Amino acid sequence: MALAARSYPGPLANRHAELSLKLAGAGVGWLDTLRADSAARYRATGLPTPKVEAWRYTNLKDLVGIDFASAPVVGDMALDSLPRASLLAVNGHVLAFVNGRLRPDLSTLDTLPAGVTLLPLSEAIHSDEQALSAHLGRLVEAEENPFVDLNTALMEDGVVLRLADGAVLDKPLHIISVGAVADTPLAFFPRLLAVLGRDARATIFESHAGIGEGAYLSAMASEIVLGAGAHLEHYKLQNESQSAFHVANTRVTVEAGAVYDNFVLQIGSRLSRNEVHTALIGEGASCRLNGAYLGAGKQHLDSTTFIDHAVPVCASREVYKGVLDDQAHGVFQGKILVRRDAQQTDGHQLNRALLLSRQAEVNAKPELEIYADDVKCSHGATVGELADDQLFYLQARGIDRETARGLLIEAYVQEALDEIGNAEARLPFQRLVGGWLKSRKG
Amino acid sequence: MSLIEIKNLHATVDGKPILKGIDLTIEPGTVHAIMGPNGSGKSTLSYVIAGREGYEVTDGDILLDGKSILEMEADERAIAGLFLAFQYPVEIPGVANTTFLKAAVNARRKAAGEPEVDAMQFLKMLREKTKLLGVTDEMLKRAVNVGFSGGEKKRNEILQMAVLEPRFAVLDETDSGLDIDALKIVADGVNALRSPERSMLVITHYQRLLDYIVPDKVHVLAMGRIVASGGKELAQELEATGYAGYGEPEAA
């Protein structure tokens, strides 16, 4: 059957009816409908096989073979404190989730400035229902994405951040998600909704980490709406445990003159896919989608992006750099669509990967689809090894081979870190990259 | 004891014999020059001394203080006091010049069992050395050799030499690509580093450099062998007659 070849039966697909009764907000009419519709779609589509073009390089066969329980139902590992060393070190408002559920004892929400609403999703369902019902699920309803549907069907908790026109979030928001799983494989579905009004400004950090050996699936979905002139810095660390699956979908709309500055560092998980779709829908909107992925062992790290230049005079910039050792597999897919009306688009995309071993592999698929005629678009993709002449130059100055390799790899990744718009925000990422390199030596 | 002894050195690159029996003894505190036409093996000799991979010694030996260095990695040779000023200094994007210099200094200190250099102390030391070579703070902040002019790259090589204080330095065509003003700055930098303990091997195609870095001895390398040796006047002879008398056509 042709359909069978294009899809795997989705984990948890047949358990929505039973699970949904226990979810936060069960019984709230519009939410029940949203969840049920998503569940039905997910049941029908299943998860994509590599026969589906967008999933050609990332095979979910290991994921679909696992009998996940949904996190709200079963117990997990006790966790008294956060695994700080695995997280970004940033100061700010903290909302911490363990296995997808808010942990107030590990969170710190200070007094918020005027015009700022910041709530856990489980609470917003009741106290901020009007705004929530206006936005939740809106950015993703047009597409059929099984992981988004799965998230919507079973989302239990997450973050709702709303900024009124002109409001400024005084300190960064740090969203921390920790998988703490013992024996029973767990799946959890964090949700982020961020709505910034005209000229509002905020910085969001995300740290995803795990403790323990147990397999888990963290399938986050994020919807971000940026009003005219708004500015959002959104910096993410994916440092899940080595037996974890991480599939995150972020959808962003950027109005006139607004800026979305995104950086994603992927170093953890057994298999991950971080997918960011940004639609530039107002003149002068811009986005920066940057990232780095560092893989070792048998890790599979996928960075997939889509930038939709829908209107004239928008700018997008994208720099991704990968370092792959052992038998690690990296995937970069970057599509830029420039619609017919989007004249004077300025788009730049670069993906570079460094292979440290013969068995490491990377698939890069840049894709430019341009229908306007007055545009400036460039893209480049390179795959290479450490340069012998650079290694020799460093060694000729007395620097031993391992240290020389470390310096060159760090420099290589630094070029991606330098793309982070907020210079201060580079530091916590630098520390993690340095830590990754040290762990490679040992 | 001689600082450097090169004995009957044979070396191949990609299986092709390039050096065919070089003998050279260098005493402490002396500057030797090696001149020769293109393709005579000058750069191969510098890479073989520095320990570059792919340059295979098939016979003979190189001794530092009477001990063979052939089994040593490039970094071990550098720690032991060898230095190569590159003909084509390598660009290293993303590594700041200061970071690079500090890593090199710390590698030495680590080998000597000393603690890492203090950041403030290091900068102070660096400032003293940069003055003479006209290396600006801006050049120190930039990535190693990236966007440097030819002259800046060569000055940066000599700066590294000044910072690392080697006992034996090989200067490979340090004059190539330099105008006369840049050449003088580089030569002044090199001359300031001459000392009774430090020896140098200056490799060049042209006699011009040797007007500024005056050698104690001059050797002519042709077809992988040293075919003539003499005092500094040999360089002037070569300038007049060219390399034609040494078994090779004069390079264009």
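Kindly check whether there is at least one residue in segment A:406-414 that is over 14 Å from residue B:95 (Cα atoms) and more than 8 Å from every other protein chain (Cβ to nearest Cβ). No, segment A:406-414 contains no residue that is over 14 Å from residue B:95 (Cα atoms) and more than 8 Å from every other protein chain (Cβ to nearest Cβ).
Just wondering, is there one or more residues in segment A:337-344 that are polar (S, T, N, Q) and either closer than 29 Å to residue A:439 by Cα or assigned to a strand (DSSP E or B) (or both)? Taking every residue of segment A:337-344 in turn, none turns out to be polar (S, T, N, Q) and either closer than 29 Å to residue A:439 by Cα or assigned to a strand (DSSP E or B) (or both). Residues of segment B:203-228 that are within 23 Å of residue B:186 (Cβ to Cβ) and not hydrophobic (A, V, I, L, M, F, W, C): B:204, B:205, B:206, B:207, B:208, B:211, B:212, B:215, B:216, B:217, B:219. Residue count for segment A:359-393 satisfying the condition of being aromatic (Phe, Trp, Tyr) and touching a residue at least 60 places away in the same chain (Cβ under 8 Å): 0. Looking across segment B:195-213, just one residue is loosely packed, with under 15 Cβ neighbours inside 10 Å and either under 15 Å from the mean Cα position of the chain (by Cα) or under 25 Å from residue B:20 (Cβ atoms) (or both), and that is B:206. Selection of helices (runs of 4 or more DSSP H) fully inside segment B:138-225 by the criterion of at least 1 residues being free of Cβ contacts under 8 Å to residues at least 24 places away in the same chain and farther than 19 Å from residue B:89 by Cα returns B:180-192, B:208-212. Of the conditions (1) closer than 20 Å to residue B:182 by Cα; (2) within 13 Å of chain A (Cβ to nearest Cβ); (3) part of a loop (DSSP other than H, G, I, E, B); (4) of a type outside the set (A, V, I, L, M, F, W, C), residue B:116 fails just one. Which one is it? Just one mismatch for residue B:116, condition (1). For segment A:377-402, a residue qualifies if it is within 26 Å of residue A:426 (Cβ to Cβ), at the interface with chain B (Cβ under 7 Å from one of its Cβ atoms) and surrounded by fewer than 22 Cβ atoms within 10 Å (Cβ to Cβ), and exactly one does: A:390. Counting the residues of segment A:285-303 that are among the aliphatic types (A, V, I, L, M) and surrounded by fewer than 24 Cβ atoms within 10 Å (Cβ to Cβ) gives 1.
Does residue A:80 meet the test of being among the acidic types (Asp, Glu) and either touching a residue at least 40 places away in the same chain (Cβ under 8 Å) or touching a strand residue (DSSP E or B) at 6+ places or on another chain (Cβ under 6 Å) (or both)? Judged against the criteria, residue A:80 is not a match. The requirement of being away from every other protein chain (no Cβ under 14 Å), surrounded by fewer than 21 Cβ atoms within 10 Å (Cβ to Cβ), without any contact (Cβ under 8 Å) to a residue 24 or more places away in the chain and of a type in the set (Val, Ile, Thr) is not satisfied by residue B:58. Is it true that residue A:36 is among the small types (Gly, Ala, Ser), in contact with a Ser or Thr (Cβ under 9 Å, 6 or more places away or on another chain) and assigned to a loop (DSSP other than H, G, I, E, B)? The answer is no for residue A:36.
Among the residues of segment B:25-37, those identified as of a type outside the set (Gly, Ala, Ser) and either within 17 Å of residue B:83 (Cβ to Cβ) or within 14 Å of another protein chain (Cβ to nearest Cβ) (or both) are B:26, B:28, B:30, B:31, B:32, B:34. Candidates are the residues of segment B:89-106 that are more than 7 Å from every other protein chain (Cβ to nearest Cβ) and either part of a loop (DSSP other than H, G, I, E, B) or among the acidic types (Asp, Glu) (or both); the one that is nearest to the chain's Cα centre (by Cα) is B:89. The set of residues in segment A:415-432 that are within 12 Å of chain B (Cβ to nearest Cβ) and touching a residue at least 24 places away in the same chain (Cβ under 8 Å) comprises A:415, A:416, A:417. Of the residues in segment B:38-51, at least one is more than 16 Å from the chain's Cα centre (by Cα), crowded, with 23+ Cβ neighbours inside 10 Å and more than 8 Å from every other protein chain (Cβ to nearest Cβ). A single member of A:221, A:244, A:258 is under 18 Å from residue A:118 (Cα atoms), at pLDDT 95 or above, among the hydrophobic types (A, V, I, L, M, F, W, C) and in contact with a Leu (Cβ under 8 Å, 6 or more places away or on another chain), and it is A:221.
Rundown of residues vs (1) touching a residue at least 60 places away in the same chain (Cβ under 8 Å); (2) buried (at least 23 other Cβ atoms within 10 Å of the Cβ); (3) touching a strand residue (DSSP E or B) at 6+ places or on another chain (Cβ under 8 Å), yes/no style:
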site	(1), (2), (3)
A:260	no, yes, yes
A:273	yes, yes, yes
A:283	no, no, no
A:305	no, yes, yes
A:320	yes, yes, yes
A:332	no, yes, yes
A:339	no, no, yes
A:343	no, no, yes
A:357	no, no, yes
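Filtering segment B:66-77 to residues that are away from chain A (no Cβ under 14 Å) and either surrounded by 17 or more Cβ atoms within 10 Å (Cβ to Cβ) or over 18 Å from the mean Cα position of the chain (by Cα) (or both) leaves B:66, B:67, B:68, B:71. For segment B:156-172, the candidate set comprises residues that are surrounded by 21 or more Cβ atoms within 10 Å (Cβ to Cβ) and of a type in the set (D, E, K, R); within that set, the residue that is farthest from the chain's Cα centre (by Cα) is B:157. Kindly check whether there is at least one residue in segment B:42-50 that is farther than 30 Å from residue B:232 by Cβ, among the hydrophobic types (A, V, I, L, M, F, W, C) and touching a residue at least 12 places away in the same chain (Cβ under 8 Å). No, every residue in segment B:42-50 fails to be farther than 30 Å from residue B:232 by Cβ, among the hydrophobic types (A, V, I, L, M, F, W, C) and touching a residue at least 12 places away in the same chain (Cβ under 8 Å). Within segment A:108-127, which residues are modelled with pLDDT of 95 or more, crowded, with 17+ Cβ neighbours inside 10 Å and not hydrophobic (A, V, I, L, M, F, W, C)? Passing the criteria: only A:120. Of the residues making up segment A:80-137, those that are touching a helix residue (DSSP H, G or I) at 6+ places or on another chain (Cβ under 6 Å) and either over 12 Å from residue A:176 (Cα atoms) or aromatic (Phe, Trp, Tyr) (or both) number 4. The residue pairs whose first member lies in segment A:170-181 and is farther than 15 Å from residue A:102 by Cα, whose second member is surrounded by fewer than 24 Cβ atoms within 10 Å (Cβ to Cβ) and of a type in the set (Ser, Thr, Tyr), and whose beta carbons are closer than 6 Å, counting only pairs six or more residues apart or on different chains, are A:172/A:203. Note on segment A:104-181: enclosed helices (runs of 4 or more DSSP H) holding 1 or more residues that are touching a Ser or Thr at 6+ places or on another chain (Cβ under 7 Å) are A:146-154. When residues in segment A:81-138 are screened for being among the polar types (S, T, N, Q) and within 21 Å of residue A:217 (Cβ to Cβ), 3 of them pass.
The values are calculated or read from the model by the stated rules, or taken from the named source; none is laboratory data. None of these values were measured; they are calculated from a predicted model. In this analysis, Cβ positions are derived from the backbone assuming ideal geometry, glycine residues included, and neighbour counts consider all displayed protein chains.
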